[in-house]
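Please treat every number below as a calculation from the coordinates, not as lab data. No experiment lies behind these values; they were computed from the predicted model shown. Cβ sites come from the backbone with ideal geometry, for glycine too, and all protein chains shown count toward neighbours.
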Amino acid sequence: MDKMGKDDLPPLGGKPHGKDKVPNQIRRNAAAARENPPVEDQPQPQDQGGEFGDGSEMSQDWRKTPNAMAKVIRQKLEICWAIVLTYMLQAITNITYPNGFVEFLHEDLVVHLKLKKKTKKQSQPSLKLTNLQKAIDHIADPGLLKKKSSGATQPGSKTGFHGAWQFKTEISLSADSIKAKVDFSPVAISFAVDARFHALKKNIYKVGDTTEPLDTTEPLGEGEVEVEGHAVLIVGYGYTKDKQLFFLGFGRIFIDESSKTTLVYPVV
């Protein structure tokens, strides 16, 4: 893994060399300010709503760790598994080795697991993943291709640095157990979602008690909503004003003993 050298580090203060060349006008303005200090502003009322507008507060937030989180991209449902697992690999790698920064290609995972399996009858296979373990095994060995610092990186290439990590899965862990995993690193979680999830914004989505999408070949009954599997990267957790635990992924996610989930986390 590439490491930063002394010349790559940003300057952190210190005295400039040579004579002080501050313009006279700036000197005069500073002197005038000392002689006539401004009247202190009245304290402004602070926003009590916080990030979510309802008084909720974050307790663990990996977004605040430098270089841990990848740039957010528009996530398509069919490749959500590839994006989430790639971002989790990137996060745990950069958290563990903070002196360097790496980005991995989620397209590399898609190419190896999906796009190379074309048939005559199916020129463009579905990008949905039916077996999450196959992706986990691939990340363990041979790993995912690192993005080049300059120039294009070809997904599926055997040349170049490949980052690998051992991930583990757990089914329907308790919220407290998931919280303990998030203390060490971001984690991936998959569950069934419906249309309400996509309109979540700042609200909290309650993970339901089903792990399988509904059979959409049959008409939906009264009160039923179309459900599909989705994977989300959990980057932290917090509590609402009334002390309800939530996880931060795409919006806020509420998990209780009835929620059916699959958790993927790095072995540390």
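Please give the contour-minus-distance gain from TYR97 to THR240: 0.36 nm per residue of separation, less the Cα-Cα distance, rounded to one decimal in nm.
Numbers: separation 143, 0.36 × 143 = 51.48 nm, distance 3.28 nm.
Between TYR97 and THR240, full extension yields 48.2 nm more.
The slack in the chain from GLU51 to ALA152, taken as 0.36 nm per residue of separation less the alpha-carbon distance, amounts to 32.7 nm.
Of the cross-linked pairs LYS64/LYS181; LYS147/LYS260; LYS71/LYS147, which ones have a Cα-Cα span greater than 24 Å in the structure shown? Distance filter (> 24 Å) returns LYS147/LYS260. Describe numerically, in nm with one decimal, the distance between label points set 7 Å from Cα along Cα→Cβ at LYS134 and at SER177. Those two pseudo-labels are separated by 2.7 nm.
Shown in residue order for the range 254-263 are the 3J(HN,Hα) couplings computed by the Karplus curve 6.51 cos²θ - 1.76 cosθ + 1.60 at θ = phi - 60°: 10, 10, 10, 5, 8, 6, 9, 9, 10, 9 Hz (x for Gly and Pro). The order of PHE250, PHE161, going from fewest to most other C-beta atoms within 10 Å of their C-beta, is PHE161, PHE250.
Look at THR159, THR153, THR96 and count the other Cβ atoms within 10 Å of each Cβ; fewest to most, that gives THR159, THR96, THR153.
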